[in-house]
Amino acid sequence: MGMFISVTALRETPGQTVPFSFNVDAAELDAAVSVTFVGETEVRGTLQTTGEGYRAEGTIKYSKSFTCDRCLAETTITETIPFSEKFFRRDGSRGDENIRRPAEKGETEMKGEVETDFDGDVVDLLPTVSDTLVAIQPMQNLCRTDCRGLCSKCGHDLNLGDCGCDRRVVDPRLAALADFFKD
Ligand SMILES: [Zn+2]
Ligand SMILES: [Zn+2]
């Protein structure tokens with residue numbers, strides 16, 4: 001599977017753009033992350049000629065399911081993120097530069113923008129979409145940014161209100177000192 005766009009229509013018309021639109025099942029996203037992509041992923045944007053190659057720009061609307069790292073609630077979030085990627089024809093004028101590129105995925109990064117080589121007249125956006133989704137994932141997955149988590153004493157979900165437990169952390173050395181002065 002892939003998200004294939006033909007560049008044939010753009011070849012003779014520099015600066016022109018063609019729109020693209022894909023809906024793929026989340027199961028097709030090749031992404032090793034701690035979240036599960038669910039439902040349908042919508043990819044919208046345009047492909048344009050840059051003179052040297054092509055640039056795909058657009059947005060990815062996707063949904064993910066995960067367990068909140070703080071309160072352990074099963075959470076599903078839908079969000080829309082931007083992406084941009086340059087494509088260069090592998091047999092193009094950029095000649096010996098291609099040799100230094102990683103052969104495995106034909107992908108490298110220059111000036112912060114992702115560049116990908118392609119053969120023939122078709123670019124595939126699916127790896128771009130998958131990689132963008134992996135890169136955008138935060139270290140912590142929270143059900144909401146101000147999630148209060150669980151009580152460390154009783155496990156109560158503090159988003160539902162306070163449980164009344166004393167959660168102050170007592171330094172064991174200070175505790176020993178307090179015991180000492182008790183005598
Ligand atoms: Zn939470
Ligand atoms: Zn508690």
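Given GLU85, GLU52, which one is of a type outside the set (Val, Ile, Thr), farther than 30 Å from LEU158 by Cα and touching a helix residue (DSSP H, G or I) at 6+ places or on another chain (Cβ under 6 Å)?
Going through GLU85, GLU52 in turn, just one is of a type outside the set (Val, Ile, Thr), farther than 30 Å from LEU158 by Cα and touching a helix residue (DSSP H, G or I) at 6+ places or on another chain (Cβ under 6 Å): GLU85.
Can you name the residue in the stretch 126-139 that is assigned to a helix (DSSP H, G or I) and open to solvent by 60 Å² or more (accessible area, probe 1.4 Å) and is also farthest from ligand 1 (Cβ to nearest atom) among such residues?
ALA135
Can you work out which of the residues in the stretch 52-77 that are within 12 Å of LEU133 (Cα to Cα) and of a type in the set (S, T, N, Q) is surrounded by the most Cβ atoms within 10 Å (Cβ to Cβ)?
SER63
Going through the stretch 140-172 one residue at a time, which ones are near ligand 2 (Cβ under 10 Å from one of its atoms), under 14 Å from ASP69 (Cα atoms) and open to solvent by 90 Å² or more (accessible area, probe 1.4 Å)?
SER152
Only one of (1) touching a helix residue (DSSP H, G or I) at 6+ places or on another chain (Cβ under 7 Å); (2) more than 16 Å from ligand 1 (Cβ to nearest atom); (3) in a loop (DSSP other than H, G, I, E, B) is not met by ARG148, so which one is it?
Result: ARG148 passes all but (2).
Quick one: how many residues across the stretch 46-61 are over 22 Å from ALA27 (Cβ atoms) and in contact with a Phe, Trp or Tyr (Cβ under 8 Å, 6 or more places away or on another chain)?
The total comes to 9.
Of the numbered conditions (1) open to solvent by 50 Å² or more (accessible area, probe 1.4 Å); (2) in the same structural domain as ILE77 (by TED's automatic domain parsing); (3) hydrophobic (A, V, I, L, M, F, W, C), PHE118 satisfies every one except a single condition; which is it?
(1)
Scan (1) touching a residue at least 60 places away in the same chain (Cβ under 8 Å); (2) not in a helix (DSSP H, G or I) for the single condition ASP162 breaks and write down its number.
(1)
If you check PHE83, PHE66, PHE118, which single one turns out to be closer than 30 Å to ARG148 by Cβ and modelled with pLDDT of 70 or more?
None of the other options fit; the residue is PHE66.
Go through (1) assigned to a loop (DSSP other than H, G, I, E, B); (2) over 30 Å from TYR54 (Cβ atoms); (3) away from ligand 1 (no atom under 16 Å from the Cβ) and name the single condition ALA178 misses.
(1) is the only condition that ALA178 fails.
The values are calculated or read from the model by the stated rules, or taken from the named source; none is laboratory data. Being a predicted model, the structure only gives us computed values, none of them experimental. Ideal geometry is used to build each Cβ from the backbone, glycine not excepted, and the neighbour counts take in all protein chains shown. Protein only, heavy atoms only, side chains kept; ligands, DNA and RNA dropped before computing areas. Shrake-Rupley method; radii C 1.70, N 1.55, O 1.52, S 1.80 Å.
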